[in-house]
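Here is the structure we will look at, set down as structure tokens.
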Amino acid sequence: MHSRCVIRLVVCGAIASSGARASGQDTAAAQLPTVTVEVGRGTRGSSLDLPYAVSVQTPDSTRPGQRHLSLDETLWLVPGLSVSNRNNPSQDPRISIRGFGARSAFGVRGIRVLRDGLPLTLPDGQTPVDYLDLESVGRVEVMRGSASSLYGNAGGGVVDIRTSDPLPVPVAGEVRYWGGSYGSRRIVGKGSGTLGGLGYQGNIAKTESDGYRDYSRQRMTNGFGRISFDRGVNSYAVEWLGVNTPLAENPGALTRAQFESNPRTADPLSIRKAARKAVTQSQIGITGRHAGGRAEVEASAYAGTRSLTNPLTFAIVDVGRAISGGNLRGTVPISILGMGHRFTLGGEAQFQNDLRLNYTNCNNIPAPTVPTLTCPNPSSERGTVTLNQRELVSSYGSYLRDELQFGPRYILTGAARADAVRFQVKDRLITATNPDDSGRRLLHAVSPMIGLLARVSPVQSAYANISSAFETPTATELGNQPSGAAGINRELKPQRSTTYELGLKGVTRTAVQYTASLFATTVRDELIPYDIPGGGGRRYFRNAGRTGRRGIELGSGVTLGSVELAGAYTYANYRFVDFTVDTAHYAGNRIPGIPSNAFQATASVHGFLGALVTEATFANGMFVNDANSERSPGYAIVNARFVTHVGAGRSGGEITLGAQNLLGTKYVSSVSVNAAGGKFYEPGSQRSVFVGVSLLGASQALR
């Protein structure tokens, strides 16, 4: 049932079988196929030809039995990347690449996220991933480092999630049910098929959970659909994804004493203020590609809406959002002075239109004898309007890339992107005592990159690059001003980073796939979150003068008969170089929210009865604030599951039995950086067991 793929760290492909090794062939060179990746605009080819760190994963093929509940399952075994599952259905998982994104208080920051090349990241740099469907994921391409600046407003990298190919039969369907600890229930229906050059696939899933922690119930329905048409040199696709989450409770973060006493408890303030969210989102996109001769042209466009109701401890936030955008790029090879160039020129535009309303949160306010000014109706949780504004964000970017191949072994790549991001606020709450806070800001930058790659052998490469990136504050970060005023924070600056990187990747003669990278990044005006005592948990942001990041990323894997082994290690030495707050000097302190050492490993055994998959994660403690006065404990987590398939071909059934955190370790999976009142800790789930049952059916392929 599952196509097996050894390691998703460098390239994904069949590594030599034991029979080939016995025959004495050079299996690494003979059996490793070219794997096409699309990260790096203007580049479609083997990741061994890209002069920066790229990882390619095929999650379900290599580690079957995934429940598709969270990105921490999908983004496993990528060195330099971490996903902190906050066990909070009201908060997205925190994704970090080389430390970028670790500060995120909501959504994903510092990283561009795409689905089949269409951006899920908003023009201000924030990515809500609660509507990202994971059922139909075929592979994930991850670009690590500032070379991702070709995609625009991001500093740490790109995560491009690619949909699996539809099954090569006219009709195929699957129904799957998951049940497990803490009231977890999920039912999924899927369909897929191919008719001539037309392919289709879709799925819908309903998820319910009572949550590991108190006050963490979730009710969600999400779906995905894609229709593609391939005819010779032309290909087209239309896809839709959406979610309806009527309930996602927010248990909040805990103090160290609360975590040690009972990690399942919820923050009492979150319960009293009924913190939660309800969201609906829908997005549709269309892509087209023409690859005639040696040239290629690609265009895409998308549009979507989002409605969010979000009671928080300090306010009730309502956001109505409309988004749209498009991209056009062309690639053409040219020979100049006998040397082959591959030029790519592209441009894109993104638009975001938010109507934001903040209300006083009147939950848990003692009923007065007479209504108060801020809570005039004691029976309603919504009090007076404290903010009413239209937020408009537009982003325009253009980029140029050239790949120069000289000799059979060397490729020199040069690229640059110019970005202009405009923020505009139209204040709609203007009174005699509340002045007009309307305003606008334009943030812009040019981000160059140069890289050199050398093919050490047909299946091994060495590379070096220098790259820069530009990252703006989000609209919410610009709007959350410590003074309490509406409008735009004019003091908050965008952060800029420069990275120097060396790396090796490839496959050894003994069929071991590997990747290794060494990098140093300097960040100016790094965006740092903080709370104000008595602020009810509202997040504000300021700029650090300068930070430095030094890191090592290692990944490897091998197939030994029916056993697959893989591992990923990250060393992160990320520190403040120049950062002073009032009279406190933090130079030399570690950047909080990031473990300095992290290791992931997996072992899969495939046999007659099915597949046994084991996973392990090890991480040391991480600091929780800029002062480095407190840190979370380190941890080691082990997961295991057994997947068996009954039936013939693509029809039959599948049963999965599994356990997350098999040893029942008590640990902190994520931290809220610089939180007020010592509420830094977001506990990970202790032992949970689950079972999955699926029925699959498919028609015969057309002849």
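The values are calculated or read from the model by the stated rules, or taken from the named source; none is laboratory data. Everything numeric in this text was worked out from a predicted model, so none of it was measured. Please note: Cβ atoms are built from the backbone with ideal geometry, for glycine as well, and neighbour counts cover all protein chains shown.
Return a yes/no flag: does region 202-212 have any residue that is in contact (Cβ under 8 Å) with a residue 12 or more places away in the chain, over 30 Å from Leu696 (Cα atoms) and touching a helix residue (DSSP H, G or I) at 6+ places or on another chain (Cβ under 9 Å).
no
Go through the residues of region 115-137 one by one and say whether even a single one is of a type in the set (Ser, Thr, Tyr), under 30 Å from Arg687 (Cβ atoms) and assigned to a loop (DSSP other than H, G, I, E, B).
Yes: one or more hits.
Taking region 244-278, which residues are within 22 Å of the chain's Cα centre (by Cα) and surrounded by fewer than 21 Cβ atoms within 10 Å (Cβ to Cβ)?
Of everything in region 244-278, those that are within 22 Å of the chain's Cα centre (by Cα) and surrounded by fewer than 21 Cβ atoms within 10 Å (Cβ to Cβ) turn out to be Asn244, Ala278.
Tell me whether region 334-349 contains one or more residues that are in contact with a Gly (Cβ under 8 Å, 6 or more places away or on another chain), closer than 27 Å to Asn388 by Cα and in a strand (DSSP E or B).
yes
Would you point out the residue of region 468-487, among those that are part of a loop (DSSP other than H, G, I, E, B) and within 25 Å of Tyr151 (Cβ to Cβ), that is modelled with the lowest pLDDT?
Residue satisfying both the conditions and the ranking: Thr474.
Can you work out which of the residues in region 372-398 that are in contact (Cβ under 8 Å) with a residue 40 or more places away in the chain and of a type in the set (Val, Ile, Thr) is surrounded by the most Cβ atoms within 10 Å (Cβ to Cβ)?
Val393
For region 656-675, state whether one or more residues are more than 14 Å from Ser84 (Cα to Cα), touching a Phe, Trp or Tyr at 6+ places or on another chain (Cβ under 6 Å), surrounded by fewer than 21 Cβ atoms within 10 Å (Cβ to Cβ) and of a type outside the set (S, T, N, Q).
There is at least one residue in region 656-675 that is more than 14 Å from Ser84 (Cα to Cα), touching a Phe, Trp or Tyr at 6+ places or on another chain (Cβ under 6 Å), surrounded by fewer than 21 Cβ atoms within 10 Å (Cβ to Cβ) and of a type outside the set (S, T, N, Q).
Confirm whether Glu471 is under 30 Å from Gln389 (Cα atoms) and in contact with a strand residue (DSSP E or B) (Cβ under 7 Å, 6 or more places away or on another chain).
yes
Are any residues in region 105-161 under 26 Å from Thr62 (Cβ atoms), of a type in the set (Lys, Arg) and touching a residue at least 60 places away in the same chain (Cβ under 8 Å), and if so, which ones?
Answer for region 105-161, where residues must be under 26 Å from Thr62 (Cβ atoms), of a type in the set (Lys, Arg) and touching a residue at least 60 places away in the same chain (Cβ under 8 Å): Arg115, Arg139, Arg144.
Determine if region 506-522 includes at least one residue that is under 24 Å from the mean Cα position of the chain (by Cα) and at positive phi.
No; the residues of region 506-522 include none that is under 24 Å from the mean Cα position of the chain (by Cα) and at positive phi.
Has region 640-656 got any residue that is hydroxyl-bearing (Ser, Thr, Tyr), within 26 Å of Tyr574 (Cα to Cα) and in contact (Cβ under 8 Å) with a residue 12 or more places away in the chain?
No - not one qualifying residue is present in region 640-656.
Are there any strands (runs of 3 or more DSSP E) wholly within region 508-608 with 2 or more residues that are under 19 Å from Gly155 (Cβ atoms) and not charged (D, E, K, R), and if so which?
513-531, 539-560, 563-578
How do the pairs read when you match residues in region 473-491 that are under 15 Å from Val317 (Cα atoms) with residues anywhere that are surrounded by 14 or more Cβ atoms within 10 Å (Cβ to Cβ) and polar (S, T, N, Q), using Cβ under 6 Å and keeping only pairs 6 or more apart or on different chains?
Partner pairs satisfying both residue conditions: Ala486/Gln389.
Any idea which of Ile316, Ile284 is of a type in the set (A, V, I, L, M, F, W, C), at pLDDT 95 or above and buried (at least 19 other Cβ atoms within 10 Å of the Cβ)?
Answer to the check: Ile316.
Any idea which of Gly677, Gly697 is over 30 Å from Phe541 (Cβ atoms), at pLDDT below 95, in contact with a strand residue (DSSP E or B) (Cβ under 9 Å, 6 or more places away or on another chain) and not β-branched (Val, Ile, Thr)?
One residue alone meets the criteria, Gly697.
Only one residue in Ala611, Ala636 is without any contact (Cβ under 8 Å) to a residue 60 or more places away in the chain and either farther than 23 Å from Gly183 by Cβ or surrounded by 18 or more Cβ atoms within 10 Å (Cβ to Cβ) (or both), so which one is that?
When all the criteria are applied, what remains is Ala636.
List the residue pairs whose Cβ atoms are under 6 Å apart, where the first residue sits in region 399-423 and is under 30 Å from Ser438 (Cα atoms), the second is of a type in the set (D, E, K, R), and the two are 6 or more positions apart or on different chains.
Taking only residues 6 or more apart or on different chains, the pairs are Phe423/Arg441.
Of these, Gly407, Gly414, which one is surrounded by fewer than 20 Cβ atoms within 10 Å (Cβ to Cβ), at pLDDT below 90 and over 26 Å from the mean Cα position of the chain (by Cα)?
Gly407
Which one of Phe343, Phe314 is in contact (Cβ under 8 Å) with a residue 24 or more places away in the chain, aromatic (Phe, Trp, Tyr) and in contact with a Lys or Arg (Cβ under 7 Å, 6 or more places away or on another chain)?
The conditions single out Phe314.
I'm trying to understand the selection: among the residues of region 247-265, which are without any contact (Cβ under 8 Å) to a residue 60 or more places away in the chain and either part of a loop (DSSP other than H, G, I, E, B) or β-branched (Val, Ile, Thr) (or both)?
Asn262, Thr265
Which one is surrounded by the fewest Cβ atoms within 10 Å (Cβ to Cβ) among residues in region 100-132 that are small (Gly, Ala, Ser) and touching a Lys or Arg at 6+ places or on another chain (Cβ under 6 Å)?
Ala105
Does Arg226 count as more than 30 Å from Asp116 (Cα to Cα), at pLDDT 95 or above and either of a type in the set (A, V, I, L, M) or out of contact with any His (no Cβ under 8 Å at 6 or more places or on another chain) (or both)?
no
Would you mention how many residues in region 319-345 are at pLDDT below 95, surrounded by 17 or more Cβ atoms within 10 Å (Cβ to Cβ) and in contact with a Pro (Cβ under 7 Å, 6 or more places away or on another chain)?
So the count comes out to 1.
So Arg329 passes all but one of these: (1) part of a strand (DSSP E or B); (2) over 17 Å from Gly397 (Cα atoms). Which condition number does it fail?
(2)
Go through the residues of region 138-153 one by one and say whether even a single one is modelled with pLDDT of 90 or more, farther than 18 Å from Arg417 by Cα and among the hydrophobic types (A, V, I, L, M, F, W, C).
Among the residues of region 138-153, at least one is modelled with pLDDT of 90 or more, farther than 18 Å from Arg417 by Cα and among the hydrophobic types (A, V, I, L, M, F, W, C), which makes the answer yes.
May I ask you to verify whether Gly320 is among the small types (Gly, Ala, Ser) and within 20 Å of Leu150 (Cα to Cα)?
Criteria not met by Gly320.
Counting just the residues of region 228-243 that are of a type in the set (A, V, I, L, M) and surrounded by fewer than 17 Cβ atoms within 10 Å (Cβ to Cβ), which one comes out farthest from Ser685 (Cα to Cα)?
Filtering region 228-243 for residues that are of a type in the set (A, V, I, L, M) and surrounded by fewer than 17 Cβ atoms within 10 Å (Cβ to Cβ), the one farthest from Ser685 (Cα to Cα) comes out as Val233.
Residue-by-condition table, conditions (1) surrounded by fewer than 19 Cβ atoms within 10 Å (Cβ to Cβ); (2) not hydroxyl-bearing (Ser, Thr, Tyr):
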position: Leu478; (1), (2): no, yes
position: Ala486; (1), (2): no, yes
position: Glu501; (1), (2): no, yes
position: Arg509; (1), (2): yes, yes
position: Thr515; (1), (2): no, no
position: Thr522; (1), (2): yes, no
position: Glu526; (1), (2): no, yes
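Being within 24 Å of Asn353 (Cβ to Cβ) and in a strand (DSSP E or B): is that true of Val393 here?
Against the criterion (within 24 Å of Asn353 (Cβ to Cβ) and in a strand (DSSP E or B)), Val393 qualifies.
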